[in-house]
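Single-structure report; data block below.
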There are 2 protein chains.
Amino acid sequence: MLELGFRVDRSAGEPAYRQLAIYLRELIDAQRLPPGTKLPATRELACALGLARVTIVAAYEALAREGRITSQVGRGSFVSAALRTGPAVKPVASGRAFVWPSLFALRSRLLAIPAGIVPRAPGREPRYDFLGGQVDGASLPLAELRRALALAVRRHGRELAKHPDAFGWRPLRREIARLLVARGIECEPEEIAVVSGAQQAIDLLARVLVDPGDTVVIEQPGYFGAALAFCAAQANLVGVGVDEQGLRTSELERVLRARRVKLVYTTPAAQNPTGVVMSDSRRAELLALADEHQLPILEDDYAGELRYRGHAVGALKALDRAGQVIYAGTFAKLLFPSLRIGFVVAPRPLLRTLVLAHWNADGGPALLPQLALTTMLRSGELERHLRRVRKLYSARLIAMLEALRTSMPAGTRWTEPAAGHTVWVTLPDGVDGALVYQDAMADGVLYARGDAFTIDGQGVSQLDLSFARLPEATIVEGIERLAAIVRRHARGTGLRRGARATRDGAKRGGALDVANR
Amino acid sequence: MLELGFRVDRSAGEPAYRQLAIYLRELIDAQRLPPGTKLPATRELACALGLARVTIVAAYEALAREGRITSQVGRGSFVSAALRTGPAVKPVASGRAFVWPSLFALRSRLLAIPAGIVPRAPGREPRYDFLGGQVDGASLPLAELRRALALAVRRHGRELAKHPDAFGWRPLRREIARLLVARGIECEPEEIAVVSGAQQAIDLLARVLVDPGDTVVIEQPGYFGAALAFCAAQANLVGVGVDEQGLRTSELERVLRARRVKLVYTTPAAQNPTGVVMSDSRRAELLALADEHQLPILEDDYAGELRYRGHAVGALKALDRAGQVIYAGTFAKLLFPSLRIGFVVAPRPLLRTLVLAHWNADGGPALLPQLALTTMLRSGELERHLRRVRKLYSARLIAMLEALRTSMPAGTRWTEPAAGHTVWVTLPDGVDGALVYQDAMADGVLYARGDAFTIDGQGVSQLDLSFARLPEATIVEGIERLAAIVRRHARGTGLRRGARATRDGAKRGGALDVANR
């Protein structure tokens, strides 16, 4: 297999096949792929790069048109023997820069970043930013943070000169243990390690548990950050569908009967992105399967505290008797994403190794934000803030659902989540989600497209809309603009069923139609 | 090869062979290693675990004495067929916990953490803490930090609600670019990515460039954090010696002629741990070799600003014309280790991939400390602080060298570094470094033992003593206590040459005698 440091830049205007063609052209011209080199089969490369096969075929065809490669039916594609367009590679001493991508590790091509996370050009802030993972700037307890920071430096300033505790500031771990009682979890500070958030929890756990080729089960659709981190660890990802009760345990069982699975990643409190709360029976089935197969479960409880209606549901970890659930919590979605404090609750032997991995990765958790957070937890500020944002986000959720109802064309469907911070929208059949995305961006409406949440590239016609960040009026405006675009693209598709919402729900119709009734 | 999640806990009192024996015994008794399993050859396991072969032999012998394994000359060691001491493994549903280590990834056994970094039991703070990487708590500009934090929250508080720029806060990158002029480096903010420190820079670069089995060259002795991070990336580590001019380029050249090397890691400003400043001719030779072999170099400039005498020496990166040097800088050693801000300067294609790896690992750099640091850089506080600590550390270095001179027994040797924050001490021949370390710990004197800085376990009789953290009087006291212990152990070795210092220097006598004249 070619070692390709290639990945598609989805934020670039260029289509994927052209990006790949340009990349390969550079390698060919620099003789990194010398004449006669056999290129990977299109199916093989499509799989390795996580792209559709048509993309690879289109790239190869473009290179063939340029005379750079020759395809022979039944044999494959080869770098053309006669080609010698550019000068030979000059030695670096001549002032020529390194061809960096040719030095990249195989696993670096598994790295990816969702559109919208990379910084946008200045002055291009979208007016209607429905991207998830951000919170409302106006609602932040900034004065309390300022006070907590000042206190932290005054009281514990000298601690900042030392190697901080690799497990995390112990007083903070005590506060976290106390908080977790509300999630039904009883644990000691010694069973908690502070990390920078759910993303780091997943990454560190991948380092500790996942060897290249190990199978990891993730939800589909599911949190892209988890898929990316496991993918970068060279795990073999297997998706299991989600319905209105959460992760489909019967599907998981079939996977478990067929192969050894190293880890299951799940978001029971509010499935990311559909918002579905995992039902009690599914929780019991999941734990029974984990028992039977000695299978560790990573519970990402990112939204455990963001519940808007219905009775409170504890964490899956609260039901864990055998120590098979690893619990990841975060303060990013509640207080300040930028404080970057999350934590892991895990059995001690695992936790110790995870902390070793943390130290190896970045030297361990930063102390200052931990000091400030400890103060804010002790003073009850988190609780007060939670009460405020639950009310705030709940009103925004209602506004978003109402705007969807009144403005979206027939055939549009969406979830009505009881928790979390996003609504999962499915466009009417026949509407091209890629075109809607493009037009929306041009019109100042930004959101995460559904294909970011799947490993097979499906979901282009689905939208993950965060209601947490924008004020109600802006949400309504943004949805109306978006609806106008969808209506434009729906014209002529002939589909005129009524727009429908799915309470709490998602249903897996086929392999690819994932999220709605 | 066995998948062993084993690593030696050097902070435990237990010798390594016993730790290994206990670990294997548990696997055998739990039938994770069923009867008849062939154990790895001692040489192979020694290599895989980074332990001396005698350690493996001793562990196997202990297990053989217990009847748990049987060794057959010429065939190897096997788990005994007759053994059935414990009950069979019970299913988890019975309430039995997971056997976590058996689930660990192969690479997790490559994780390690230096003694002293893991938190010590409360109340056991050593009186004389000579561990490196920490700075002086009393010298920290705490009032300035408090002001900077308050200003950051007041001015940019709402930014804390958003996804921060994955490359780092741009105004900070501008300030860093300005600072780097003093190191001879001209670069744009777009060529800088903020990370949490040198450790993360190394780890991310390993993710981007290193495939399992790739060769990475490190200095010997060298910074353990680099060795650990590359090791966790499953790199094949090759050590190259250090002498009074720094990295031995002739030795590197021999390595490069023999095999493909993916990366060279070096600390030219003040070799970690010897403090040697790389000479101009070695810098030129290193860059020429990198040119010839298209070899990326990672320059860790952790101590670039901590120079105490002689003319200022710029960064290696300043001489880089071809974009082959990746530069890692950090504020941890200067201001607050706990702010956890460092940065990488790299060519753009590489930098972009490194930022992707950063996002995958932990979501990118935290904003709040960056905001505060930006303020402190703009106000000139870093420069003022640097002037203060250079003076302070210089006086402490002199005090440490003087104390070594007056109290260490004949035969002790040490470096006289011109930069950095540690002195590298070699005990007199015949003195048992392990016993000295034990007695010193018991007497409240803590330091990093030399073997932490080597990949072959050598260096037990060498000491890495940081002079940056303690006041002069405490340094003198601590060195005198340490000297008394060394004298006690030197008695009877018959070696009575005078104690000697090596200015700026280290010399590689043989494969293992690394650091002193």
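The values are calculated or read from the model by the stated rules, or taken from the named source; none is laboratory data. Keep in mind that this is a model prediction, so the values were computed, not measured. As a convention, Cβ positions derive from the backbone with ideal geometry for all residues, glycine included, and neighbour counts pool all protein chains shown.
Some values worked out for this structure:
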{"read-out": "Subset of segment B:430-462 that is assigned to a loop (DSSP other than H, G, I, E, B) and in contact with a His (Cβ under 8 Å, 6 or more places away or on another chain) - its residue that is farthest from residue B:236 (Cα to Cα)", "value": "B:431"}
{"read-out": "Among the candidates A:94, A:77, A:71, A:102, residue that is at pLDDT 80 or above and polar (S, T, N, Q)", "value": "A:77"}
{"read-out": "Residue selected from segment B:292-316 under the condition buried (at least 19 other Cβ atoms within 10 Å of the Cβ) and within 14 Å of chain A (Cβ to nearest Cβ), by the criterion farthest from the chain's Cα centre (by Cα)", "value": "B:295"}
{"read-out": "Residue within segment B:475-483 that is among the charged types (D, E, K, R) and either modelled with pLDDT under 90 or in the same structural domain as residue B:217 (by TED's automatic domain parsing) (or both) present", "value": "no"}
{"read-out": "Residue among A:287, A:306 that is touching a His at 6+ places or on another chain (Cβ under 8 Å) and in the same structural domain as residue A:249 (by TED's automatic domain parsing)", "value": "A:306"}
{"read-out": "Of residues in segment A:170-186 being of a type outside the set (D, E, K, R) and within 14 Å of chain B (Cβ to nearest Cβ), the one surrounded by the most Cβ atoms within 10 Å (Cβ to Cβ)", "value": "A:172"}
{"read-out": "Residue satisfying all of: in segment A:210-224; surrounded by fewer than 24 Cβ atoms within 10 Å (Cβ to Cβ) and either among the charged types (D, E, K, R) or at negative phi (or both); farthest from the other protein chains (Cβ to nearest Cβ) among these", "value": "A:215"}
{"read-out": "Residue match in segment B:188-209 (condition: within 14 Å of another protein chain (Cβ to nearest Cβ), in a helix (DSSP H, G or I), acidic (Asp, Glu) and surrounded by fewer than 24 Cβ atoms within 10 Å (Cβ to Cβ))", "value": "yes"}
{"read-out": "Failed condition for residue A:131, given (1) more than 25 Å from residue B:145 (Cα to Cα); (2) at the interface with chain B (Cβ under 9 Å from one of its Cβ atoms); (3) surrounded by fewer than 19 Cβ atoms within 10 Å (Cβ to Cβ); (4) of a type outside the set (Asp, Glu)", "value": "(3)"}
{"read-out": "Pair list, Cβ < 7 Å and 6+ apart or interchain, from segment B:22-36 residues that are over 18 Å from residue B:103 (Cβ atoms) to residues that are assigned to a helix (DSSP H, G or I)", "value": "B:25/B:63"}
{"read-out": "Neighbours by Cβ (under 6 Å, 6+ apart or cross-chain): first from segment B:445-457, over 19 Å from residue B:469 (Cβ atoms); second modelled with pLDDT of 85 or more and charged (D, E, K, R)", "value": "B:457/B:451"}
{"read-out": "Checklist (1) farther than 30 Å from residue B:425 by Cα; (2) not assigned by TED's automatic domain parsing to the domain that holds residue B:178 applied to residue B:392, failing item", "value": "(1)"}
{"read-out": "Extreme residue, modelled with the highest pLDDT, among residues of segment A:9-45 that are acidic (Asp, Glu) and more than 20 Å from residue A:67 (Cα to Cα)", "value": "A:44"}
{"read-out": "Unmet criterion (only one of (1) at negative phi; (2) assigned to a loop (DSSP other than H, G, I, E, B); (3) out of contact with any strand residue (DSSP E or B) (no Cβ under 7 Å at 6 or more places or on another chain)) for residue A:276", "value": "(3)"}
{"read-out": "Residue pairs meeting the criteria (Cβ under 6 Å; at least 6 apart or on separate chains; first at pLDDT 90 or above, in segment A:129-149; second of a type outside the set (D, E, K, R) and part of a loop (DSSP other than H, G, I, E, B))", "value": "A:130/A:447"}
{"read-out": "Output for segment B:343-369, where each listed residue is under 19 Å from residue B:203 (Cβ atoms) and more than 7 Å from chain A (Cβ to nearest Cβ)", "value": "B:343, B:344, B:345, B:346, B:351, B:352, B:354, B:355, B:358, B:364, B:365"}
{"read-out": "Cβ pairs under 9 Å, 6+ apart, first in segment A:359-384 and farther than 30 Å from residue B:342 by Cβ, second modelled with pLDDT of 90 or more and β-branched (Val, Ile, Thr)", "value": "A:381/A:375"}
{"read-out": "Selected residue [at pLDDT below 95 and more than 24 Å from residue A:276 (Cα to Cα)] from A:490, A:501", "value": "A:490"}
{"read-out": "Test: residue in segment B:365-372 that is modelled with pLDDT of 90 or more and either within 23 Å of the chain's Cα centre (by Cα) or at positive phi (or both)", "value": "yes"}
{"read-out": "Which numbered condition residue A:443 fails, given (1) in contact with a Leu (Cβ under 9 Å, 6 or more places away or on another chain); (2) under 20 Å from residue A:221 (Cβ atoms); (3) surrounded by fewer than 19 Cβ atoms within 10 Å (Cβ to Cβ); (4) not hydrophobic (A, V, I, L, M, F, W, C)", "value": "(2)"}
{"read-out": "Output for segment A:27-51, where each listed residue is loosely packed, with under 15 Cβ neighbours inside 10 Å and in contact with a helix residue (DSSP H, G or I) (Cβ under 8 Å, 6 or more places away or on another chain)", "value": "A:43"}
{"read-out": "Among (1) without any contact (Cβ under 8 Å) to a residue 60 or more places away in the chain; (2) assigned to a strand (DSSP E or B); (3) more than 21 Å from residue A:419 (Cα to Cα) - the single one residue A:229 does not satisfy", "value": "(2)"}
{"read-out": "Enumeration of residues in segment A:157-169 that are within 17 Å of residue A:353 (Cβ to Cβ) and crowded, with 21+ Cβ neighbours inside 10 Å", "value": "A:165, A:167, A:168"}
{"read-out": "Residue satisfying condition, being over 24 Å from residue B:355 (Cα atoms), free of Cβ contacts under 8 Å to residues at least 12 places away in the same chain and in contact with a helix residue (DSSP H, G or I) (Cβ under 8 Å, 6 or more places away or on another chain), within set B:288, B:258, B:284", "value": "B:288"}
{"read-out": "Matching residues, segment B:140-169, being assigned to a helix (DSSP H, G or I), facing chain A (nearest Cβ under 8 Å) and under 18 Å from residue B:331 (Cα atoms)", "value": "B:142, B:145, B:146, B:149"}
{"read-out": "Qualifying residue in segment B:371-385 (condition: among the polar types (S, T, N, Q) and within 19 Å of residue B:136 (Cα to Cα))", "value": "no"}
